[in-house]
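Since the structure comes first, as structure tokens, the remarks are kept for the end.
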Amino acid sequence: MNARLQEFEARRMKAARLLSQRKGIRETARLVKASPAAVCGWKQKLDQHGIQALRAKPHPRPKPQLDNQQRTQLLRLLLRGARAAGFDTDLWTCPRVAALIEETFGVRYHVDHVWKLLHKLGWSSQKPQQWARERDETAIRRWREHDWPRIKKELAATS
């Protein structure tokens, strides 16, 4: 049980002790730093079901839709690339990953939740850079090394 649940349970147990000592709901609420409505609810539970009703009840998380073995398999499929999975480009998108999961494992993930799964697998969202086909890296490097410094000097001289 985590510390927060223990703290809340301790507060309810203290309230139960105070209520058993015939303290009023408002006074108990003030002493345990809770609302009178909360203390009233605790008192009802205490009267109906006993002290056990005030014990902390951790809520289990939902079972993951893919087990560890399936996640490992999904990671291998993702690393192969989107083209290997039958897509036109090698760009993974959440809808594509959701489709892959459903096709491979028969498990439906909402597109908005696929990113959480990808994050747990160590993936991050990235936007691919798009370069023009006509891009000339040599010309760009030459401009940066020769033309740009010259232009900067001329601008500085005119200021």
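Quick notes on this structure:
- Of all residues in region 2-34, those satisfying the criterion of being at negative phi and either loosely packed, with under 10 Cβ neighbours inside 10 Å or touching a residue at least 40 places away in the same chain (Cβ under 8 Å) (or both) are Asn2, Ala3, Arg4, Leu5, Gln6, Phe8, Glu9, Arg12, Met13, Gln21.
- Residue in region 131-151 that is of a type outside the set (A, V, I, L, M) and touching a Leu at 6+ places or on another chain (Cβ under 9 Å) present: no
- Residue check for Asp88: more than 19 Å from the chain's Cα centre (by Cα), at pLDDT 90 or above and assigned by TED's automatic domain parsing to the domain that holds Ser20: no
- Filtered residue count, region 89-141, keeping only those that are more than 15 Å from Leu77 (Cα to Cα) and acidic (Asp, Glu): 4
The values are calculated or read from the model by the stated rules, or taken from the named source; none is laboratory data. No experiment lies behind these values; they were computed from the predicted model shown. Here the Cβ is made from the backbone with ideal geometry for all residues, glycine too, and neighbour counts use every protein chain on show.
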